[in-house]
Structure formats: structure tokens, C-alpha cells
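> Right, I'll just put the structure down here and ask away after.
The values are calculated or read from the model by the stated rules, or taken from the named source; none is laboratory data. Worth saying up front: this structure is predicted, and the values here are computed from it rather than measured. Cβ: placed from backbone, ideal geometry, glycine included. Neighbour counts: every protein chain shown. With ligands, DNA and RNA removed, areas are computed over all heavy atoms of the protein, side chains included. Shrake-Rupley method; radii C 1.70, N 1.55, O 1.52, S 1.80 Å.
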Amino acid sequence: MTTAAVQRPFINGDFVDLAPVATFPTHNPATGEVLADVQYCDEAVVDRAVAAAAQAQPTWAQLSGTERARRLRRVADELFARNDELARVESLDTGRPIAETRLVDVASGAECFEYFASVAATLVGEAVPLPGMLAYTERRPLGVCAGIGAWNYPLQIACWKAAPALACGNTVVFKPAELTPLTASVLAEIIIDAGLPPGVFNVVHGDAECGQALVAHPDVAKVSLTGEVGTGRAVMAAAAPTLKHVTLELGGKSPLVVFDDAALDDAVTGAMLGNFYSQGEICSNGTRVFVHRSVHDRFVEQLVARTAKLRLGDPLDPATHVGPLISTAHAAGVRAAIDAAVAEGATPAAGGAAVPAVAPPLQAEAYVQPTVFVDCVDHSRLVREEIFGPVMAVLAFDDEDEVVARANATPYGLAAGVFTRDVSRAHRVAGRLDAGVCWINTYNVTPIEVPFGGVKQSGIGRENGPAAIEHYTERKTVLADLGSLEDPWADD
Ligand code: NDP
């Protein structure tokens, strides 16, 4: 896809042409080229999408789990088969290197459909033994679930929300981020082609207002948001009047702790993966890298040397390591954060705020050099606030209790990392870190089989793994008396 096209909402099994209607452009962040004009969905269109989802839901839920599973597996197969095509669209829309999107994004979405197909086929309730009674529980779908996505991993986010919801018998209205609307439409087509009934998966496009219309809609039972902490607060508050279920996957400022006995090469790789993959636009990034003072200088030396070798360039070039940020505005914000960190006294050991040299037609202002800060202090904005770009703060520490306390001194709690060869320490420290996900001797791996989500202000609820079922079903309890009913008012 290289020429401008029109992106329309997908409602009740097909694209709907809203023309004449307001549109907004989606750009290739690498070049600024317009990829498509997107039709804006107002409250009336959101209402139409929710109505389609509400109408489709009972029929979808009444299919046997095995039948739902069969169709969800077809979605997975099609995603795998179209990996390269979808990866290319994702790279065009997000600016993320094709080497990443080919490897991670589509496969993660496909595996999610594969995994939750198995869940659909095996979803069961429980029998509870009671004297003289039969008691059992059923897992009931919630109804219409709204998914609202961030712009960094659009297809993966759409799949992580759609697959568990559909597996449990719900239907979905998904709003991708305004900046990255393209792959959700392809997913919608794939879902319908795989034999899921019209209306089970719908896509609406727009900004915060479009999201708000979804969250406020009385026929939406649940909202799952991936976004900033502030958006999470707004969504939770807006969901309160109709008492919707919410899952919130929000931001973070995660710690990555490198002990003196760590395999240093691996720890440097982990820190780079946790800061520079996807240009640093990953919620779970380990942006506060605490390194034991005795290995700090060696760690920084290796880190700086390897960071200098990262290749910035065209996201569609398989040799590119670092693409543009999502927009020139976001890149300017990240560069301002780098300037502010310098003003606060931190030293850039690699990178910095200067606009890097990239050859036209790439727009240099969209790029930020991978930046490593040393001489950082815990109370600085650099160390406290999420930047969502390729900016790493390295901090020295002396002992375990100290580093755990400093690592936990944040309102966030999405992820954490520990690098050490000491097995006891690895698990002890992992146990003490306030985080929804903690990696030992690796970073940012998110297999579909395990739950993902944050504690503290990084979120509520979990995606993936068996835990996701709890967030897309509710239990119904049935109690049957097996004898004759005793009359408490009978005459003695
Ligand atoms: P935003 O919070 O700005 O937006 C997320 C989505 O919510 C977008 O679709 C946005 O629409 C929509 N939205 C904004 N305001 C409202 C509202 N009041 N009601 C309903 N919907 C609304 O996040 P970004 O897209 O900027 O993504 C970056 C953030 O996402 C970072 O903080 C990052 O850490 C977090 N994130 C968390 C992940 C996790 O799993 N924990 C994973 C990935 C990112 P629009 O696009 O038009 O603004």
C-alpha cells in the first residue's frame, strides 16, 4: 500500500461508506506521505457498530466452543499466511522496522488467535459438591466488548483484544489509534472470511471522542484499553456510570536491575532490547537500568559501543534497526525530554537530542538517536516519567535492598527485569519487585501462554494466558435442591 486510499469503518461484516463525511489522514511516519484518508466515525456510527455487535452476539455465543474454535483457528492460519504483507503495512503505518514487524507483530496476533481457539473449545464451568444440592457454575460471555488501541503495536493489540473476547462468545467493536488505523481493517476482513458471522468484529475510526462514545455506550459491557495512564483514568471514570468491566493496559517506567555477577553481554542486550527495540515505543520498556556499581563502567562502555552501531533508516529496509518515531510531533517531544534531562544534570553517553542524519525522502525530524544517559538521579523527570522513545537512564546501585526500594519507588508497575547468575537472588528479587511481569535474564518477551498486565497505575486486568478468560466472562451460579423443599413455616 503506497498510494492514498480511503479507510472506512467495518460494520456488520462489511466496509461502510460514510461519504460525505469528515476524514483524517494517516501518514507514513518515515516520509510524511499520506497513506490513507480515514473516515471519521461519530457517535451515530459508533452506535451502528455497537448495534451490529449486539445483534450478532447471541448467535455467536450459541455456537459450540469447538465450532468457534475452528473459525478462530482459520483466522490464525490466514494471519500466518499473510505475515509479510501485513508486516509491510504495519511498518508503513507505525514506522517500526520491517525486521521487527515480520518477526513479531503478525505472529503474535496469529498465535493469540491460535491460543484462544483452544480456550474456546475447552471453556467449562465448575461443579460444586454440596449436601442435598447440585451446584454448578457456567462461564457466560459479557456481551459487546469495546477494544481501544494504542499506536505502537496496532495489529498485535487488536488481536490481543479480539481473540479472547471472541473465544468466550463476546462480540467486539474495535477502535484503533488514530495514527495507525490500517491493519485493523485487514483483520476485520480476515475474521469475516474465516467464517465468523457478520457483526462479531467491527472497526470504527476516530480520536478520543470516538473512544468516549464507545466507553459511554449503554450496550457495551466491557472496555479494554491500551494507552496512557491518563487515558486509563478517563476511561475508568467514563465506564463507571454504566458499571462496565474494564481492562487497562497502561504505561510504565520499568526497572531493569543488573547485578555484579550477571552475564554482562546478555545484560547489555537486555537493556538494549528493553529500550531501543521499536524505537523505544514499548510500554514495558526497562527505562531505568540499575547497574551494580562494581560493573557500571564496564556495562556502560559496552552499551555505548553497541548502541553506536544501531542503524537508523527506512523501516522497509530489512537492515534497519531503528525507524522513525510515530510522528514528528512525538519525536520533538522525545527530543525535548532529552534536552530536559541534560538540563537536569544527566550526561548523554550515547545519542542526544540532535536530529540524526537520514537521507531523503526520510524525514529526519521524525528520528531520534538511541540515547543512553549516565549520572542520572532518581528524582529527575528523566527517571520518573515515561518518555516512550529510545531513551535509557543508567543508575548505579550498591546493594540488593537499596535497589529494590529504588526500583519500587514509582507509581507504575508494568514490568521489571533482573540480570544475575545467582538463582536464589534472581527469584528473591523478582518476588520483591512491584511489577505485573518480571523477566529474569531476558527482557520484553511476551508469549501468549502467560498473562500480561500491570500493577499499581500501570493497569488493571490481564491479557493473554488463562487469566484473560476471567476478564471476558462472568460466572453464573446454578443451585438445585435434590430433595423436597423444607417449609420453615410448617406447623410443628
Ligand atoms: P493514548 O492513551 O493517547 O491513546 C490510546 C487510545 O485511546 C487511542 O485509540 C486514543 O485515541 C484513545 N483515547 C484517547 N482518549 C480517550 C478517551 N478519553 N476515551 C476513550 N478513548 C480515548 O495512548 P497512545 O496511543 O499515545 O499510546 C502510548 C501509550 O500507551 C503509552 O503510555 C504506553 O505506555 C501505553 N501502552 C501500554 C501498553 C500495555 O500493554 N500496558 C502497550 C502499548 C502502549 P487517539 O488515537 O485518537 O488519541
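> Do you know which residues across region 189-220 are of a type in the set (Val, Ile, Thr) and within 14 Å of the ligand (Cβ to nearest atom)? Before you say what the answer is, go through the steps one by one.
Pass one, region 189-220, residues of a type in the set (Val, Ile, Thr): 190-192, 200, 203-204, 215, 220.
If the condition is that a residue be of a type in the set (Val, Ile, Thr) and within 14 Å of the ligand (Cβ to nearest atom), then VAL203, VAL204, VAL215, VAL220 are the ones that fit.
> Follow-up question, since we're still on this one. Taking into account only those residues within region 210-227 that are open to solvent by 10 Å² or more (accessible area, probe 1.4 Å) and in contact (Cβ under 8 Å) with a residue 40 or more places away in the chain, which is farthest from the chain's Cα centre (by Cα)?
ASP219
> Filter region 166-209 for residues that are among the β-branched types (Val, Ile, Thr), open to solvent by 10 Å² or more (accessible area, probe 1.4 Å) and within 12 Å of ASN12 (Cβ to Cβ) and give the result.
ILE192
> Which residues, taken from region 301-326, are assigned to a helix (DSSP H, G or I) and buried (at least 21 other Cβ atoms within 10 Å of the Cβ)?
LEU303, THR307
> Can you tell me how many residues in region 418-436 are of a type outside the set (Phe, Trp, Tyr) and touching a residue at least 60 places away in the same chain (Cβ under 8 Å)?
The qualifying residues number 8.
> Among residues belonging to region 393-420 that are more than 13 Å from VAL258 (Cα to Cα), in contact with a Gly (Cβ under 8 Å, 6 or more places away or on another chain) and open to solvent by less than 30 Å² (accessible area, probe 1.4 Å), point out the one that is nearest to the ligand (Cβ to nearest atom).
Result: LEU414.
> For region 274-295, indicate whether the set of residues that are under 24 Å from ALA158 (Cα atoms), at pLDDT 95 or above, surrounded by fewer than 21 Cβ atoms within 10 Å (Cβ to Cβ) and within 16 Å of the ligand (Cβ to nearest atom) is non-empty.
So far as region 274-295 goes, yes, one or more of its residues are under 24 Å from ALA158 (Cα atoms), at pLDDT 95 or above, surrounded by fewer than 21 Cβ atoms within 10 Å (Cβ to Cβ) and within 16 Å of the ligand (Cβ to nearest atom).
> Related question: Go through region 360-394 and count every residue that is within 18 Å of ALA343 (Cα to Cα) and either part of a strand (DSSP E or B) or among the aromatic types (Phe, Trp, Tyr) (or both).
So the answer is 8.
> To continue, here is another question. Might you check whether a residue that is open to solvent by less than 50 Å² (accessible area, probe 1.4 Å), within 16 Å of the ligand (Cβ to nearest atom) and of a type in the set (A, V, I, L, M) occurs anywhere in region 123-144?
Yes: region 123-144 contains one or more residues that are open to solvent by less than 50 Å² (accessible area, probe 1.4 Å), within 16 Å of the ligand (Cβ to nearest atom) and of a type in the set (A, V, I, L, M).
> Taking the residues in region 221-254 that are in contact with a Leu (Cβ under 6 Å, 6 or more places away or on another chain) and among the aliphatic types (A, V, I, L, M) as candidates, determine which candidate is farthest from the ligand (Cβ to nearest atom).
ALA221
> I've got another one for you. Of the numbered conditions (1) of a type outside the set (Val, Ile, Thr); (2) at pLDDT 95 or above; (3) not in a loop (DSSP other than H, G, I, E, B), PRO129 fails exactly one; give the number of that condition.
Answer for PRO129: the failing condition is (2).
> Restricting to region 316-339, name every residue that is under 20 Å from ARG384 (Cα atoms) and in contact with a helix residue (DSSP H, G or I) (Cβ under 6 Å, 6 or more places away or on another chain). Give the derivation first.
Start the filter on region 316-339 by keeping residues that are under 20 Å from ARG384 (Cα atoms), which leaves 330-339.
Hit for region 316-339 is ALA331, nothing else.
> Consider ALA44 carefully, then state whether it is more than 25 Å from the chain's Cα centre (by Cα) and free of Cβ contacts under 8 Å to residues at least 60 places away in the same chain. Can you show your working first?
Working: more than 25 Å from the chain's Cα centre (by Cα): yes; free of Cβ contacts under 8 Å to residues at least 60 places away in the same chain: yes.
Taking the combined requirement at face value, the residue satisfies it.
> Still on this structure, I have one more. Quick check: is even one residue across region 329-342 outside any helix (DSSP H, G or I), among the basic types (Lys, Arg) and either more than 16 Å from the ligand (Cβ to nearest atom) or modelled with pLDDT of 95 or more (or both)?
Checked region 329-342: no residue is outside any helix (DSSP H, G or I), among the basic types (Lys, Arg) and either more than 16 Å from the ligand (Cβ to nearest atom) or modelled with pLDDT of 95 or more (or both).
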